[in-house]
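So the structure is just underneath, and the comments pick up after that.
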Amino acid sequence: MRILVTNDDGIDVPGLWAAIEELQKVGEVKVVAPQREQSGGGASITLRQPIKVNKVESRLRGVEAYSTEGTPADCVIIGIRSLFPEGVDMVVSGINRGPNIGYDIFVSGTVGAALQGHLHGIPSLAISVNAYEDLNFKAAAKLTALLAAKIKDAALPREILLNVNLPNLPPEKILGIEVTELSQQSYCDTVEREQNNKEDHYRIKRNSKDTYYANHGSDIWALQLNRISITPLLNSFVDNSLPTCLQQLAPAIYDEMCGI
């Protein structure tokens, strides 16, 4: 299995390489990631200028790695259509610093990259941890590899796009896995006005967590219970067999993640 890994935080961040290290146990890993942080870019694609791509030294043996000046979606398109002509069997985007939940997935570069994989007919995962500081990537990295292995073994269908969010906890402190729906709000709807040299400037800011609406069965609801949220998106969401399949597999995946 050939796995393309990307993110929106940049090629040098630890979450990316934590995922890659575990994914090497499942297949051949190749990396195309932005040179710098591209958070909030959604599924945007660079159309009006060329995109510079550099082969970079990999942190792990056996992993071919490239950085680009493009968006996360650009990275996936370039990887699939140009850099790896032998084909890509799976796309993994993450591990992201901070959650991608609710309507914010539509501006998420992490989810936008995974969406490009899905649109190319490739099973795709977006993986995020619910914290911005002192992140613990162990559970997310292990879960990423376990989900990839289930796809490889055909225990999960290929036609999937999964948005996965984890509490910022070690595996043994996570209380389970929930198959969820998107919560119904955005955390980026606070606008502050500033003045600089008599010119008006506006800053869009994240809301605090206490503005979240944790409706039962939503991604936020699961995180607040210290559980993992797995949300099927797009075609994978409307296929009723996928949530059922995930719910049946979740206990076994959880036990493997925790080393039970």
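The values are calculated or read from the model by the stated rules, or taken from the named source; none is laboratory data. Quick caveat: nothing in here was measured; it's all calculated off a predicted structure. With ideal geometry, Cβ positions are generated from the backbone for all residues, glycine too; neighbour counts draw on all protein chains shown.
Where strands (runs of 3 or more DSSP E) sit wholly within segment 5-73, none has at least 3 residues that are hydroxyl-bearing (Ser, Thr, Tyr), touching a Phe, Trp or Tyr at 6+ places or on another chain (Cβ under 8 Å) and more than 28 Å from residue 136 (Cβ to Cβ). Within segment 80-96, can you find the residues that are in contact with a Gly (Cβ under 9 Å, 6 or more places away or on another chain) and modelled with pLDDT of 95 or more? Of everything in segment 80-96, those that are in contact with a Gly (Cβ under 9 Å, 6 or more places away or on another chain) and modelled with pLDDT of 95 or more turn out to be 80, 88, 89, 90, 91, 92, 93, 95, 96.
Hey, can you tell me all the residues within segment 142-177 that are of a type in the set (Gly, Ala, Ser) and over 17 Å from the mean Cα position of the chain (by Cα)?
154, 155, 176
Here is a yes/no grid of residues against (1) touching a strand residue (DSSP E or B) at 6+ places or on another chain (Cβ under 9 Å); (2) surrounded by fewer than 16 Cβ atoms within 10 Å (Cβ to Cβ); (3) on the phi < 0 side of the Ramachandran plot; (4) basic (Lys, Arg):
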{"residue": "3", "(1), (2), (3), (4)": "yes, no, yes, no"}
{"residue": "6", "(1), (2), (3), (4)": "yes, no, yes, no"}
{"residue": "16", "(1), (2), (3), (4)": "yes, no, yes, no"}
{"residue": "43", "(1), (2), (3), (4)": "no, no, yes, no"}
{"residue": "47", "(1), (2), (3), (4)": "no, yes, yes, no"}
{"residue": "54", "(1), (2), (3), (4)": "yes, yes, yes, no"}
{"residue": "60", "(1), (2), (3), (4)": "yes, yes, yes, no"}
{"residue": "65", "(1), (2), (3), (4)": "yes, no, yes, no"}
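The C-beta contact set for segment 151-176 (first residue touching a residue at least 60 places away in the same chain (Cβ under 8 Å) and under 15 Å from residue 246 (Cβ atoms), second residue surrounded by 14 or more Cβ atoms within 10 Å (Cβ to Cβ) and of a type in the set (Phe, Trp, Tyr), distance under 8 angstrom, 6+ apart or interchain) comprises 176/254. Across segment 67-82, the qualifying residues are those that are free of Cβ contacts under 8 Å to residues at least 60 places away in the same chain and of a type in the set (A, V, I, L, M, F, W, C), and the one among them that is surrounded by the most Cβ atoms within 10 Å (Cβ to Cβ) is 73. Scanning segment 104-141 for residues that are outside any loop (DSSP other than H, G, I, E, B) and in contact with a Cys (Cβ under 9 Å, 6 or more places away or on another chain) yields 104, 113, 116, 139.
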